[in-house]
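As C-alpha cells, the structure follows; a few thoughts come after it.
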Amino acid sequence: MGRFYDAFAKPYFFRHEPEEAHEIAVRNLARLGRVRPLCALLERWAQLDGARHPPVECFGLRFPNAVGLAAGFDKNAEAWPAAAALGFGHVEIGTVTRHGQPGNPRPRLFRYPAEEAVINRMGFNNAGAEAVAARLARLPGPGARRIPLGINLGKTKVTPLEQATEDYLGSFRLLADHADYLVVNVSSPNTPGLRELQDAAWLRPLLAALVAENKARAASGRARRPLLLKIAPDLSFPQIDAALGVIADLGLDGVIATNTTLARPGFFATVNETGGLSGRPLRRRATEIVNYIARATGGRLPIIAVGGIHDEESAAEKLDAGATLLQVYTGMIFRGPFLARDLAHALAHRQRRLRL
C-alpha cells in the first residue's frame, strides 16, 4: 500500500495546501467510517490476528496492537470510526476545548517533505466539548468499540490561567462518559501561556481537581476513566522530574511523551515559521524523554510514545526505550494511511524474531 500511496495518493494530497489536504483526508475517512461492511473487510486485512498476537494491556484497557493515531488529526471526532480499518490499535481525538474556537489564522500548517516534518500553529481549532460530546453520543461508546478511544483535553484560548482548572473540568464532565481514556494536554506551544501549566505550582491543583472529579464518578457508580498527562519535549529533566512527582502523588495512569517542539534543529535553524515542529527531527529527543521517564519510574508508569515514528526502526526504538504504546500522525502524512498497519505487522514479526 505504501507504493500506491507514493505513486498516486501522495501527489494528489501534496498538490493541495497542507490544511486543505488534511480536511480532505478527514472527510474521506469519515465517509469510510460510515460504510461498515467495507470497514470490517479492511479491518480483517489490517489488524493483527488476535489468536497469534495477544493484545497490549495498559491502564486497564486492551489494545489490539501498540500503534495509535495521535491527537491533532481528528479534532472533532469525525473520522475515528475508520481508524481500526487502517490498522490502528487505538485513536486519540482532539485536542478538544471547553468552548469551540477557530484557532490561529491561516496558513498555520507547513510541510517539509525532505525532512518528513511538519510545523503547525493550529491553536486548538475545534467545535468545543459540547459539540464533540453530542457527536460521540450517537456512536458506539466505551466497551462497544473495536479499539479504545482517547480524548485529548486542552484549555480554551480566552480562558485565563487562573480559570484553567474549571475549563478542563467542564470538558472532562462533558466527555468522560464517551472516553476510554482522557489526556490532559498542557504542552501545546500554540496556545499562549498553556505550557506554564506544566509547572508544578499550576499542574498539581489542575490534576488534583481532575483526579477528584474522576473519583467522584466512581463513587456515584459511573466508570472511572484512565487519566494521562501529555508533556512537551522542551522540558528539562528536572522539570520532568517535578511533573512525574505530581503524577505519582496523584496516581495518574500514564504519560504521553511528547508533544511538538519549539526547537529548530539542523535544517530548521533557518526556517522562520512559528509553531510546533513534529516528525523525524523530533525522533531523538522524544526517545530520550521516553527512556528518561521509564528509568525514573522504574518502568512502572505506562508511557505512550509520540515523535518521529515513521518506520519499524523508529517504532521499535521507542518500545526499547520503555514505551508501552505508540502514536503516529506526521509519519502518516509522508508514509500513507496504512502506516499503523505496516508498523504493527513489522513489530509483530520483530517480536517473533527476537523469541527465536
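The string of couplings for segment 161-177 from the Karplus curve (6.51, -1.76, 1.60, θ = phi - 60°) is 4, 5, 10, 4, 4, 5, 5, 5, 4, x, 5, 4, 5, 6, 10, 4, 4 Hz, one whole number per residue in order, with x for Gly and Pro.
Tell me the net charge near TYR292. Cut-off is 12 Å between Cβ atoms, TYR292 excluded, with +1 for each Lys or Arg and -1 for each Asp or Glu. Numbers along the way, then the final one.
Details: positive: ARG285, ARG295; negative: ASP241, GLU288.
Around TYR292, the surrounding residues sum to 0.
What's the longest bit of the chain with no exposed trypsin sites (Lys or Arg not before Pro), using DSSP loop states and at most 16 other Cβ atoms within 10 Å as the test?
Values: sites that count: ARG15, ARG52, ARG138, ARG222, ARG224, ARG300.
For trypsin sites (Lys or Arg not before Pro) (loop position, at most 16 other Cβ atoms within 10 Å), the longest site-free span of the chain is 53-137.
The share of C-alpha pairs in segment 2-355 whose separation exceeds 26 Å stands at 45 percent. I need the Debye-formula profile for segment 1-62: one equal scatterer per C-alpha, no solvent, reported as log10 I(q)/I(0) at q = 0.16, 0.18, 0.29 1/Å, two decimals. Cα-only, vacuum Debye calculation for segment 1-62: -0.80, -0.91, -1.12. With θ taken as phi - 60° and the Karplus curve 6.51 cos²θ - 1.76 cosθ + 1.60 applied, the whole-hertz 3J(HN,Hα) list for segment 229-241 is 10, 9, 10, 8, x, 8, 5, 6, 4, x, 5, 5, 4 Hz, x standing for glycine and proline. Pairs spanning more than 19 Å between alpha-carbon atoms, out of LYS10/LYS318; LYS230/LYS318; LYS75/LYS318; LYS10/LYS75; LYS155/LYS215: LYS10/LYS318; LYS75/LYS318; LYS10/LYS75; LYS155/LYS215.
Kindly rank 273-279, 17-23, 68-74 from highest to lowest mean number of other beta carbons found within 10 Å of each residue.
68-74, 273-279, 17-23
Between the beta carbons of VAL211 and HIS16, assuming R0 = 35 Å, the FRET efficiency works out to 0.25 to the nearest 0.05.
The overall shape of segment 250-316, judged from the alpha-carbon gyration tensor, is prolate: a/c is not under 1.5, and a/b is greater than b/c. Database remark: amide H of THR97 closer than 5 angstrom to the amide H of GLY128, ALA129, GLY154 (H placed geometrically; neighbours at sequence offset of 5 or more, or on other chains; Pro and chain starts carry no H). With θ taken as phi - 60° and the Karplus curve 6.51 cos²θ - 1.76 cosθ + 1.60 applied, the whole-hertz 3J(HN,Hα) list for segment 301-314 is 9, x, 10, 9, 9, 9, x, x, 8, 9, 7, 4, 4, 5 Hz, x standing for glycine and proline.
Under unit Cβ charges (Lys, Arg +1; Asp, Glu -1), what dipole magnitude, rounded to 20 debye, does the chain have relative to its Cα centre?
Numbers: 45 positive and 34 negative charges, 177 e Å.
Roughly 840 debye, rounded to the nearest 20.
Taking the charge dipole of segment 2-355 about its Cα centre, with +1 at Lys and Arg Cβ atoms and -1 at Asp and Glu Cβ atoms, the residue from SER278, ASN28, ALA257 reaching farthest to the positive side is ASN28. Using alpha carbon centroids, what distance separates segment 97-129 and segment 1-48, in Å? Value for the Cα centre distance between the two parts: 20 Å.
Taken together, the values in this text are just the output of simple stated rules run on the coordinates, not laboratory data. Predicted model, so just to flag it, every value in this text is computed and none were measured. Every residue, glycine as well, gets a Cβ built from its backbone with ideal geometry; the counts of neighbours run over all protein chains shown.
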